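Reviewing the structure listed below.
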Protein chains: 2
Amino acid sequence: MIFRQLFDRESSTYSYLIADPDTKTAILVDSVLEQVEHELKLLEELNLTLKFCLETHIHADHITGTDKLRQLTGCEGIVPTNAAVNCADSFIQDREIIKLGNIEIQAIETKGHTDSHMAYLVNQDRVLTGDALLIRGCGRTDFQNGDAGQLYDSVTNRLFTLADHILVYPAHDYHGRTVSTIGEEKHLNPRFKARDRQSFIELMSNLDLSYPRKMMEAVPANQGCGKV
Amino acid sequence: MIFRQLFDRESSTYSYLIADPDTKTAILVDSVLEQVEHELKLLEELNLTLKFCLETHIHADHITGTDKLRQLTGCEGIVPTNAAVNCADSFIQDREIIKLGNIEIQAIETKGHTDSHMAYLVNQDRVLTGDALLIRGCGRTDFQNGDAGQLYDSVTNRLFTLADHILVYPAHDYHGRTVSTIGEEKHLNPRFKARDRQSFIELMSNLDLSYPRKMMEAVPANQGCGKV
């Protein structure tokens, strides 16, 4: 498997290129509009055909590259079920599997940061956690129909029940960290460790964060798969 | 093996934490002074004992965290043979192996960016290439006794002779890329592909780069292992 973590410095977003070296087919997860040229160059260099652009959720901090990539490559845009978008080629459901040669990418419904959100388990050894679970943190729950109780349930019932050794690849990190594991986050994530559901809800309701700078532009754009 | 790539945004430096989960011993490669608190926190969280701080070379763009980490943890500071430093606990030679439980880290002499430089092959499946080989690039050769011909020889004779599948983890990237492979760099790196030694020397002598902002501070500090 070809697996590449790509960082957009402006929004501190990680995108992921996953490709099967035999069939030369690729999928991009959480592409960033400003990085589309870099993404296309890498696909071309590695002689890969982009089949799918997949989103973990409708982002509020950057515009997705899906629509641009779809126009340029003919790939399909896939978003989580129930996402309020008018542009997807298909919606992915909980537990649905996308196959790319021998690679299996399985959706894990993990709502709460937003009201539609999937994590993606790749070949049973790593999970792309989107904004549901970050390294020593998690996504906020105070807009886009976020729900702290639902996020607590998603993380503790759906992600923390995966095997401890599974690598955690988040959609963001703001401190230069690139990867963690399920075991690590279960035991070390300050948002979840030794905290019950009610205490998590209280914590999340008192974060007092300002809105993402690009939110008013990014959310509507992403509801059109990044068409700008 | 625990393997963590850590990014310092200020200098675009990648540091690497490598640890053996059985013996709980760790090594940090190319630590960054400003990141020492994060590095220490991660070591503590993972219950690891830092045995060694290892440098690929004497950096000009950031100050190493080695001296601070040595003071706080008692780890040993190891630098490449011939490095002009007055502070190392030991010097590592070409082909020398550091063992960390079952992990083997083998030095590969790769001078040219500076007049002392090692890449480190980890468990025969990934190589930390320092500034000798970057993703689609290489370190400059116009100070610290850099030598373009020597760098060409180091990369083509010592790194490009490794197996194609070996993962390349550089000391820097400025475009959000985190990893490559030997095969990819052999075929795609514009500094080396289809270029002979003389043409590489000419290319490197015409880059016309300004000096790193922190160079006058970083080089002397790093000659003292980061004592500031």
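Taking the criterion of being touching a Phe, Trp or Tyr at 6+ places or on another chain (Cβ under 8 Å) and within 11 Å of another protein chain (Cβ to nearest Cβ), would at least one residue in the range A:152-164 satisfy it?
no
Scan the range B:91-112 residue by residue and report those that are assigned to a loop (DSSP other than H, G, I, E, B) and within 19 Å of B:V127 (Cβ to Cβ).
If the condition is that a residue be assigned to a loop (DSSP other than H, G, I, E, B) and within 19 Å of B:V127 (Cβ to Cβ), then B:Q93, B:D94, B:R95, B:E96, B:N102, B:T110, B:K111, B:G112 are the ones that fit.
Filter the helices (runs of 4 or more DSSP H) completely within the range A:181-228 down to those with at least 3 residues that are of a type in the set (A, V, I, L, M, F, W, C).
A:197-205, A:215-222
Mind telling me which of the residues B:E44, B:E10, B:E39 ends up being assigned to a loop (DSSP other than H, G, I, E, B), within 13 Å of chain A (Cβ to nearest Cβ) and charged (D, E, K, R)?
The unique qualifying residue is B:E10.
Read through the list (1) within 12 Å of another protein chain (Cβ to nearest Cβ); (2) crowded, with 23+ Cβ neighbours inside 10 Å; (3) of a type in the set (A, V, I, L, M); (4) more than 21 Å from A:P212 (Cβ to Cβ), then give the number of the only condition that A:V32 fails.
(4)
Can B:G65 be described as surrounded by fewer than 24 Cβ atoms within 10 Å (Cβ to Cβ), touching a Ser or Thr at 6+ places or on another chain (Cβ under 6 Å) and at negative phi?
no
Only residues that are surrounded by 15 or more Cβ atoms within 10 Å (Cβ to Cβ) and either among the hydrophobic types (A, V, I, L, M, F, W, C) or assigned to a strand (DSSP E or B) (or both): list them for the range A:73-90, please.
Correct list: A:C75, A:E76, A:G77, A:I78, A:V79, A:P80, A:A83, A:V85, A:C87, A:A88.
Test B:T81 against the stated conditions and say whether it is within 14 Å of chain A (Cβ to nearest Cβ) and among the polar types (S, T, N, Q).
no
Can you tell me how many residues in the range A:13-27 are in a strand (DSSP E or B) and surrounded by fewer than 21 Cβ atoms within 10 Å (Cβ to Cβ)?
Number of matching residues: 3.
Is one or more of the residues making up the range B:28-36 farther than 22 Å from B:F143 by Cα and in a strand (DSSP E or B)?
yes
Readers should treat all values here as calculations from the given coordinates under stated rules, not as data from a laboratory. Bear in mind the structure is a predicted one, so any value in this text is a computation, not a measurement. In this analysis, Cβ positions are derived from the backbone assuming ideal geometry, glycine residues included, and neighbour counts consider all displayed protein chains.
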